[in-house]
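Accompanying notes for the structure given below.
The values are calculated or read from the model by the stated rules, or taken from the named source; none is laboratory data. None of these values were measured; they are calculated from a predicted model. With ideal geometry, Cβ positions are generated from the backbone for all residues, glycine too; neighbour counts draw on all protein chains shown. When the accessible area is computed, the model is the full protein with side chains, heavy atoms only, and any ligands, DNA or RNA have been set aside. Shrake-Rupley method; radii C 1.70, N 1.55, O 1.52, S 1.80 Å.
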Amino acid sequence: MHLLSACCVCALLITTLLSRVSGLDTVIGIYGETLEIPCNIKADDAIITKWKYDKGEGLPGDLLVKQTNQNAVITATDEYKDRVSMAENSSLLLSAARLTDQRTFTCMVVASADITEYPVNVVIYKMPEGLEISDKAEELEIGKLTKLGTCVAQDANPAANITWLKNNKPLVADGKGISIQASVLVDPVTGLSTTSSILEYSAEKEDTNAQFTCSTQHTGGAELVSSPATFTITYSTENIVLQVIAQDPLVEGDNVTLKCVADGNPAPTSFNFHLKEEMVKVENADTYTIMNVSRDASGEYKCSLIDNPMLEASEDITVNYLDINLSPSGNIVKRAGEALNLTLRIDASGEPKVSWTKDNVKMDKEPKFKTLSYSDSGRYECEVAMGLLSRKASVELLVEGAPVIKQLSKRRGEDGQHKVLICEAEGSPKPAVTWSINGTSPDESPFVNGKITHKITVVPSANLTVSCTVTNEFGMDTRAINVSSLFVEVRMDKQDQSEDSDQTKLVVGVVVGLLIATMIIGLAYWVYMKKSKQGSWKTGEKENGSSEEEKKLEEKVEENSQKAEV
């Protein structure tokens, strides 16, 4: 601000501002600085140049005179005798300009043929010493016209005009919420003017943190602006809000903080907290904490002003809870074929979602066990979720029972030189597998869901019956299978090929004959059995005889079948 004023002063010292006032040229000077008053008379044959001033009442006063080729002689005997001098261009230099210098100064030039005068009117400007807000109010009350402060512009010429601003926007007196009173005091010694402006203001809530300033745009320089001032705005509480500070979701065992926020300024410091059926008075604080809440703490809570109980705020609090019970749970051992009833009970504050997994694999639906099988063994886990809250429960199910052979089969090896016997069984605990003969390349599958598969490789040299036996602590199971011998490879030379061909034909003929014989015997047996069922048997002796005959026929069929296979 001071730098700007100084620059303005320098500009005025460098450049003389001339204007027409009442027919006279006017020069503006800066208070306290040297003023140059020009002599705008062109006379090449000037003999004498003289400066004088108007004392008032038409009386002239001499200042100085200069003859050609001589120095200027000061002729003043009053206040100007030590303040005046003449420049080379005949201008009058007047040091330490003051308000009493605001008068008319005249330059007179005497030439050989004429006498010319050039009068100049002088005006002196002075910027205010400063611009500050004093007598500031401690606080402003909403709706009440209060003296905000006094803005003073000291020692200026002409007197300063002061403008009040809020957030850089001018305030205009309206006779209601804004009142501005200005006054000017003139110093009898210096003649300088001091302007005072008093602002009375009716504040609003929006004026909190608002910046108030005053400014003046002086005729002789740039605008001056005071330092900003802020004020505390006071108003009564009109609204309160109850805030609930807690983790989300709020569950049993958590802490809950109730905070009562009021819009008054200064804010209230004491409140009543209504905790369902209980009221707690809190002084010098706006919060109350409930420790270790339970589900019974759910409900409506309120807070109110102690000095105005009718002004209150409320908020509903829900304590979330989620309890689950899986029955049975833990480790469960059941026998194959039995039933298992899993029961999941849920007690929740909202609508839960249930999901199931078996051995960490998601299931499409809730497990039901009407008849347990070995594949039902595994770890079952349920997850119950309600928003961000979740609970889990699990059961480890083990289905046990005596082993059972599901299938006993055989197949020829890929090279045609051996046979593979396959025994597939179920049971739990894992059954041990044994064979009635020794085999090679034993291969056992992993024991999964109560199932196991055991393979052996054999090279039978004759027809035989092989049995597979599975055993665990709950029992055993055995199953047999007939295994025929492999064809013996016969080495042949080229010369033996015809003989071998004849032998082959003979073997084929024998096999075909045996097959035809078997079919005839079977047909005869079928006809015989049909007639036997149609007849009436009267004695137990005939029944026994029939049984023996049937047995013989069956043995005959079996014998022929084996021959045909060979």
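Listed here are the pairs 302/353; 42/126; 365/451; which of them are more than 31 Å apart at the Cα?
Values: 302/353 33 Å; 42/126 33 Å; 365/451 24 Å.
Where the Cα-Cα span goes over 31 Å, the pairs concerned are 302/353; 42/126.
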For region 402-483, the percent of accessible surface on carbon and sulfur atoms (probe 1.4 angstrom, ligands and nucleic acids excluded) is 47 percent
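Which trypsin sites (Lys or Arg not before Pro) in region 320-366 pass both tests, a DSSP loop state and at most 10 other beta-carbon atoms within 10 Å? Don't skip to the answer; put the middle values down first.
Numbers: sites: 334, 335, 345, 353, 358, 362, 365; in loops: 365.
Qualifying residues, ordered by number: 365.
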Percent relative contact order for region 25-125, counting Cα pairs under 8 Å at least six residues apart, stands at 40 percent
Restricted to pairs 8 or more residues apart or on different chains, the lysines in region 145-296 with C-alpha atoms under 29 Å apart form a number of pairs equal to 12
Length gained if residue 485 through residue 360 is fully extended, taking 0.36 nm per residue and subtracting the Cα-Cα distance, is 40.1 nm
One finds the C-alpha centres of region 58-81 and region 321-347 to be spaced, in Å, by 126 Å
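Could you give the alpha-carbon Rg of region 25-125 over 2.2 N^0.38 Å, rounded to two decimals? Show your work: numbers first, answer last.
Numbers: Rg = 13.0 Å, N = 101, 2.2 N^0.38 = 12.7 Å.
Taking N as the residue count of region 25-125, the ratio is 1.02.
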Quick P(r) readout (region 130-234; Cα-Cα; 10 Å bins; whole %) gives 16, 48, 26, 9, 1
The set of residues whose placed amide H lies less than 5 Å from the amide H of residue 140, leaving out same-chain residues fewer than 5 positions away, is 232, 233, 234
In Å², rounded to a whole number, the accessible area per residue of region 25-125 with probe 1.4 Å is 52 Å²
Pseudo-spin-label distance residue 40 to residue 255, built 7 Å along Cα→Cβ, given in nm, is 8.6 nm
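So which trypsin sites (Lys or Arg not before Pro) in region 258-295 pass both tests, a DSSP loop state and at most 13 other Cβ atoms within 10 Å of the Cβ?
Working: sites: 259, 276, 281, 295; in loops: 276.
Hits after loop and neighbour filter: 276.
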Amide H contacts under 5 Å for residue 218, restricted to residues at least 5 apart in sequence or on another chain and with H modeled in the peptide plane, are 224
Note to self: with every protein chain in place and a 1.4 Å probe, region 322-399 gives an accessible area per residue in Å² of 60 Å²
With every protein chain kept in place and a 1.4 Å probe, region 225-267 has an accessible area per residue in Å² of 50 Å²
Region 213-280 and region 83-144 have their Cα centres apart by a whole-number Å value of 54 Å
By the mean-Cβ-within-10 Å protection proxy, highest first, 172-180, 156-164, 316-324 rank as 156-164, 316-324, 172-180
P(r) of region 322-399 over all Cα-Cα pairs, 10 Å bins starting at 0, rounded to whole percent, reads 19, 51, 24, 6, 0
